[in-house]
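Let me begin by presenting the structure, written as structure tokens, before commenting on it.
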Amino acid sequence: MSISTTMRVGALLPVPLLLALPAQAASVDGSQLGLVWGLPFAGILFSIALFPLLAPAFWHHHYGKIAAFWALSFLLPFTLLHGAGTAAHAVLEVALHEYIPFVILLLALFTIAGGVRITGNLHGSPGLNTALLAAGTILASWMGTTGAAMLLIRPLLRANDDRKHNVHVVVFFIILVANVGGALTPLGDPPLFLGFLLGVRFFWTAEAMLLPMLLLSLILLALFYALDVYLYKKEGTVKPDRTPDSPIGIEGGVNVLLLGGVVAMVLMSGTWKPEQSLSVFGVSVALPNLARDLGLLALAGLSLKLTRAESRQANGFDWEPIREVAKLFAGIFLTIVPVIAILRAGEAGALKAVIQLASNPDGTPNNAMYFWLTGILSAFLDNAPTYLVFFNMAGGDAQALMGPMANTLLAISAGAVFFGAVSYIGNAPNFMVKAIAEQAGIRMPSFFGYLAWSVPLLLLPFLLITWLWFL
């Protein structure tokens, strides 16, 4: 049964498209689209990768306009060639099913985690640093990589502000807390939440990803501890701590309870299966998903009301990161529409060669190739849209991917999450952590300098994961 209704969605769609939108619009036929339709998607991803490095000031002031340019580069010609109804239906479908829920979850986690502040000062011994990295790795799957990174990076920096060698501490923090730790739940990392929106069960991720994530985390923590012990001893007598001693405490503890509410809302949306649904101009919206998104917004509002403004200010809380994510991903989710349609067309589509590359001669998925292809693109573009591309390349059917193709979904999920640690642009928190460390006076590696750290640290563990799970 469907509850038919009309909604004003002028904020999402151009007015001409709304006026022409029929009750049931045609889906995008990927077999009729050439590779040229993927240029706007490639354009926005390369803009995200290159502009912050080549023209940071220009990017900071105009990234929203750049995202809008690429979105319109797809939307306007597509409307002219395929009709306003088809274009509007595609836009509304991606907005209601993926973009809006995606941004609302990030907003809730960002707002609530930003209200928790660890006070006091620790002393950065190898044991304490390893313990903080391990704690952040565990928290990341439940607070999100952004939330866990923003919660712990400043206490970690204060703990090590007397150390001569501390760059490695931040590098391992980016790898473990801002990336690998987010592997166990849809709350942890944006690509996994997209999978949840597409039908992947909440706890499937933990069941499938636990052992690879545990292996990779233990290897990295052991490497970090060995390196930190060596550098700590090399420093000899550590100079006096610049941060005065003060007791350890937590401000904004109510936000921990609100994070529990976020988990409950996401679980509810995955377990409540009513027969009714909401129809918005022919696009079905599940009532549990609507209830989840409204609940998440309410929890974010409660966090703002119940947390002292002074605590957020001391935490360095700022709305700019979430504004940037919202604007950029609006462009990404629009420009990815034709790419996904082409992939769904399989060997009838223009990306036949890529599909064949990730397939064995007998037509079954080559899971090792899925892991590495998803991973390499996630490292240098962005792991959320990359996950979406390969999820659809594997057929886009969540039930099949959790069933007979479970190892393929594991390869896509692991590649998207783990390889996000390879470069500063692989995952949103990476650049944020780098900026905060530099503000604290740490001379962080350049883009290629970071690669000189991450590739040697991750290459052999990734090969081991490939051998154990995907060959």
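Count of region 327-384 residues, restricted to those that are open to solvent by less than 20 Å² (accessible area, probe 1.4 Å), closer than 23 Å to A87 by Cβ and outside any helix (DSSP H, G or I), is 1.
If you go through region 385-399 and keep only what is in a helix (DSSP H, G or I) and out of contact with any Phe, Trp or Tyr (no Cβ under 7 Å at 6 or more places or on another chain), you end up with P385, T386, Y387, L388, V389, F391, N392, M393, A398, Q399.
Of note, G282 does not satisfy the criterion of being surrounded by 16 or more Cβ atoms within 10 Å (Cβ to Cβ) and closer than 24 Å to L156 by Cα. Filtering region 398-442 down to residues that are of a type in the set (G, A, S), at pLDDT below 85 and within 20 Å of T386 (Cα to Cα), which residue is farthest from the chain's Cα centre (by Cα)? Checking each candidate, the answer is G426. Being more than 18 Å from P445 (Cα to Cα), in contact with a helix residue (DSSP H, G or I) (Cβ under 9 Å, 6 or more places away or on another chain) and charged (D, E, K, R) is the filter here; which residues of region 123-177 pass it? Within region 123-177, just R154 meets the criteria. The set of residues in region 153-199 being over 16 Å from the mean Cα position of the chain (by Cα), among the aliphatic types (A, V, I, L, M) and open to solvent by 10 Å² or more (accessible area, probe 1.4 Å) consists of L157, V167.
Put simply, of R242, R312, R323, R292 the only residue that is open to solvent by less than 30 Å² (accessible area, probe 1.4 Å), at pLDDT below 90 and among the charged types (D, E, K, R) is R312.
Would you check if there is a residue in region 33-45 being free of Cβ contacts under 8 Å to residues at least 24 places away in the same chain and open to solvent by 50 Å² or more (accessible area, probe 1.4 Å)? Looking for residues that are free of Cβ contacts under 8 Å to residues at least 24 places away in the same chain and open to solvent by 50 Å² or more (accessible area, probe 1.4 Å), one finds at least one in region 33-45, hence yes. Scanning region 88-130 for residues that are among the polar types (S, T, N, Q) and outside any helix (DSSP H, G or I), we see that the one that is modelled with the lowest pLDDT is N121. May I ask you to list the residues in region 428-442 that are open to solvent by 10 Å² or more (accessible area, probe 1.4 Å) and polar (S, T, N, Q)? Of everything in region 428-442, just one residue is open to solvent by 10 Å² or more (accessible area, probe 1.4 Å) and polar (S, T, N, Q), namely Q439.
Which residues, counting only those in region 411-442, are in a helix (DSSP H, G or I), more than 16 Å from H168 (Cα to Cα) and of a type in the set (A, V, I, L, M, F, W, C)? The answer is A411, I412, A414, A416, V417, F418, F419, A428, M432.
Tallying residues that are more than 14 Å from P385 (Cα to Cα) and open to solvent by 30 Å² or more (accessible area, probe 1.4 Å) within region 89-108 yields 6.
Going through F470, F391, F462 one at a time, which residue ends up being of a type in the set (F, W, Y), under 30 Å from V94 (Cα atoms) and surrounded by 16 or more Cβ atoms within 10 Å (Cβ to Cβ)? It is F391. The residue of region 257-271 that is farthest from I112 (Cα to Cα), among those that are modelled with pLDDT of 85 or more and surrounded by fewer than 16 Cβ atoms within 10 Å (Cβ to Cβ), is M268. The set of residues in region 423-465 that are within 14 Å of I219 (Cβ to Cβ) and in contact (Cβ under 8 Å) with a residue 40 or more places away in the chain comprises S454, L457, L458, P461, F462, L464, I465. Taking the criterion of being open to solvent by 60 Å² or more (accessible area, probe 1.4 Å) and free of Cβ contacts under 8 Å to residues at least 24 places away in the same chain, the residues of region 295-309 that qualify are K305, A309.
The values are calculated or read from the model by the stated rules, or taken from the named source; none is laboratory data. Note that the coordinates shown come from a computational prediction; the quantities given were computed from them, not determined experimentally. For neighbour counting, all protein chains shown are included, and Cβ atoms are generated from backbone atoms with ideal geometry for every residue, glycine included. Each accessible area value is taken on the protein alone, full model and side chains, heavy atoms only, with ligands, DNA and RNA left out. Shrake-Rupley method; radii C 1.70, N 1.55, O 1.52, S 1.80 Å.
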